[in-house]
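Undergrad: Here it is: the structure, laid out below.
What follows is calculated from the coordinates using simple rules that are stated; it is not laboratory data. Given the structure is predicted, the values throughout are model-derived calculations rather than measurements. Reconstructed Cβ throughout: ideal geometry from the backbone, glycine too, with neighbour counts over all protein chains shown.
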Amino acid sequence: MDDNVRVVRGRNRIRVGDENTDGPDVRAHIQQVALDLFIEEGYDKTSLREIAEKLGVTKAALYYHFPTKEDIVRSLIDQRMDAVDELLAWAETQQRDEQMRLEFIRRYALLHERLPNENVVRFFERNQTLINTMNAGKQMREQMMRVFEFLVDPDEPLAQQLRRAMALFAIHASWFILRDRPGTERERREAALEVAVELMSGASSVAPGLVDVLVREHLEWQPEAEQADAGHG
């Protein structure tokens with residue numbers, strides 16, 4: 001059993017260290033362990049019993065947080081959707097111009113980095129059929145269409161509309177296209193944002209030096225500063 005994970009006597013719930021048994025750290029730990037098994041053994045071949053055994057707890061302790069495997073996947077989708085909804089809520093308070101679109105891309109890149117680790121992206125990538133059959137997966141796709149509609153100007157040429165849509169895919173694609181390429185994590189982040197910003201603006205409308213400024217701001221971002229800025233527009 002993981003030294004930091006145990007069943008609380010009399011309550012049959014999982015505790016991580018000294019954290020509250022209902023806290024987000026517990027759910028995040030279960031998600032991590034489940035994702036590792038889903039990646040290693042496959043979603044269909046992994047049972048809740050195996051996840052509980054990996055955690056070193058009873059099935060009842062796991063059931064308290066996630067009654068089914070699908071609930072674990074749904075929680076990951078919901079987590080992502082909540083973060084994107086917050087970003088959209090911020091964007092709706094801003095003037096819809098080129099500078100806002102570029103800042104949206106920068107914040108979207110940060111959002112993508114703050115969400116659970118690379119295994120989430122790998123799982124979504126390898127289990128598209130499962131995601132597509134889930135209602136939560138449908139909701140996630142609908143949300144992404146809202147993002148596209150927000151970023152794309154329907155009066156622009158189709159090629160420019162496609163560039164804007166592809167900017168988001170550049171952020172996603174960097175996780176698996178560049179994963180095994182030479183370079184540091186920082187260099188991969190920089191490359192992804194640089195391509196996304198260039199696609200969002202189009203070669204003819206990027207202000208001189210603007211890509212470099214946005215990339216530098218992104219790489220200098222500190223979690224504490226971003227959290228303090230949250231909710232202040």
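Undergrad: Please list log₁₀ I(q)/I(0) at q = 0.13 Å⁻¹ for the stretch 14-168, using the Debye equation with identical point scatterers on the alpha-carbon positions.
TA: One equal scatterer on each Cα of the stretch 14-168 leads to -0.70.
Undergrad: A follow-up question, please. Please report, in cubic angstrom per residue, the volume enclosed by the convex hull of the alpha-carbon atoms of the stretch 50-133.
TA: Dividing the Cα hull volume of the stretch 50-133 by its residues yields 125 Å³.
Undergrad: Under a straight-distance cross-link criterion of Cα-Cα below 22 Å, which lysines are reachable from LYS138, leaving out those fewer than 8 residues away in the same chain?
TA: LYS69
Undergrad: Show me 137-146, 56-65, 100-109 ranked by packing, highest mean number of other Cβ atoms within 10 Å first.
TA: Ranking the peptides 137-146, 56-65, 100-109 by packing returns 100-109, 56-65, 137-146.
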